[in-house]
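Engineer: Have a look at the structure that comes next, please.
No lab work stands behind these numbers, since they all come straight from the coordinates. Here the structure is a predicted model, which is why all the values come from computation and not from measurement. When we count neighbours, we look across all protein chains shown, and the Cβ atoms used for this are built from the backbone with ideal geometry, even at glycine.
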Amino acid sequence: MRRLGLLACGVLLLAAHPAFADDTSKGEVSGGWRYYHATIRSSVALTGASAVNDFSNGWYVDVSGNLSPKFAVVGDIGFTSQRDETTVTSGVVATNEVSDIKLYSFMGGIRVRAPQNARIIPFGQVLVGGERNTSNYTRTTTFNIPNFPIQPSTFTREGDTSGAALALDGGVTVSVGPVGVRAQVGYVRMFGAADVDALRVSIGGVFRF
């Protein structure tokens, strides 16, 4: 809740600033890398309890249209995944566990910009929408007993849930002409049977049009 309050205050401060420079762009397209530090509960957590996961293989794409120099509407889609595999051997028994988790998000909302400097534009945004989480867990137990072959035992569990999502982000866009880079950090809450509470970091390129 503290992170929610800080980000909300930042958005309000950006909106309240009285001055801005000429910004003739109509919008932006951005895409790049996205990282989640997420606490996942319920069915997406393969253990059935809370689990903390670092998702470093994500990406995002967003498109915004400027309503004014300060305000823009934005749509954002994102994806990230994590795959873990471990093998433990104890005597004649070997256990292999593979888990695969995927997170998808589809959101839209309002971005508040502070374009006092056309090249360096801080911003804050509030996004709402939907999310989908899928998980797959496989455990294979192998018995390596000489002269006594036994078929491996395999257990599989799958999960597929969806729900609402909320994101509060703040960041900065640095550009030279129509191209630039963006860095942002934010808080994401995904609601539903699979409950996700996450910090996310996004870094990518920007094209202004």
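Engineer: Would you mind ranking Arg132, Arg113, Arg208, Arg139 so that the residue whose beta carbon has the fewest other beta carbons within 10 Å leads the list?
Structural biologist: Numbers: Arg132 18, Arg113 24, Arg208 21, Arg139 15.
Going from sparsest to densest Cβ surroundings: Arg139, Arg132, Arg208, Arg113.
Engineer: Same structure, new question: Taking K and R as +1 and D and E as -1, what net charge do the other residues with C-beta under 15 Å from the C-beta of Thr142 add up to?
Structural biologist: Values: positive: Arg139; negative: Glu85, Glu97.
Taking every other residue near Thr142 into account, the sum is -1.
Engineer: Next question, about the same structure. Which chymotrypsin sites (Phe, Trp or Tyr not before Pro) in segment 64-151 pass both tests, a DSSP loop state and at most 15 other beta-carbon atoms within 10 Å?
Structural biologist: Numbers: sites: Phe71, Phe79, Tyr104, Phe106, Phe123, Tyr137, Phe143; in loops: none.
Sites meeting the loop and neighbour criteria: none at all.
Engineer: So, in nm, how far is label Val93 from label Phe155 when the simple model puts each one 7 Å beyond its Cα toward the Cβ?
Structural biologist: According to this spin-label approximation, the distance is 1.1 nm.
Engineer: Give me the extension gain from Lys26 to Asn57: residue separation times 0.36 nm, minus the current Cα-Cα distance, reported in nm with one decimal. Intermediate values should be presented prior to the final figure.
Structural biologist: Working: separation 31, 0.36 × 31 = 11.16 nm, distance 3.08 nm.
Difference between extended and current length: 8.1 nm.
Engineer: Here's another thing I want to ask about it. Let me have the relative contact order for segment 70-209, percent, based on Cα pairs under 8 Å that are six or more residues apart.
Structural biologist: Dividing the mean separation by the residue count of segment 70-209 yields 19 percent.
Engineer: Obtain the nm distance between the two label points defined at Phe106 and Phe207 by a simple spin-label model: each point lies 7 Å from its Cα along the Cα-to-C-beta direction.
Structural biologist: Spacing of the two 7 Å Cα→Cβ label points: 2.4 nm.
Engineer: For Leu103, Leu67, Leu166, which order do you get if you count the other beta carbons within 10 Å of each Cβ and list the fewest first?
Structural biologist: Working: Leu103 28, Leu67 12, Leu166 17.
Ranking Leu103, Leu67, Leu166 by Cβ neighbours within 10 Å, fewest first, gives Leu67, Leu166, Leu103.
Engineer: By how many nm would the segment from Thr141 to Arg41 grow when fully extended, if each residue of separation counts as 0.36 nm and the alpha-carbon distance is taken off?
Structural biologist: Values: separation 100, 0.36 × 100 = 36.00 nm, distance 2.63 nm.
Residue separation times 0.36 nm, minus the Cα-Cα distance, leaves 33.4 nm.
Engineer: Rounded to whole Å and sorted largest first, list the principal axis extents of the Cα atoms in segment 49-116.
Structural biologist: 69, 21, 19
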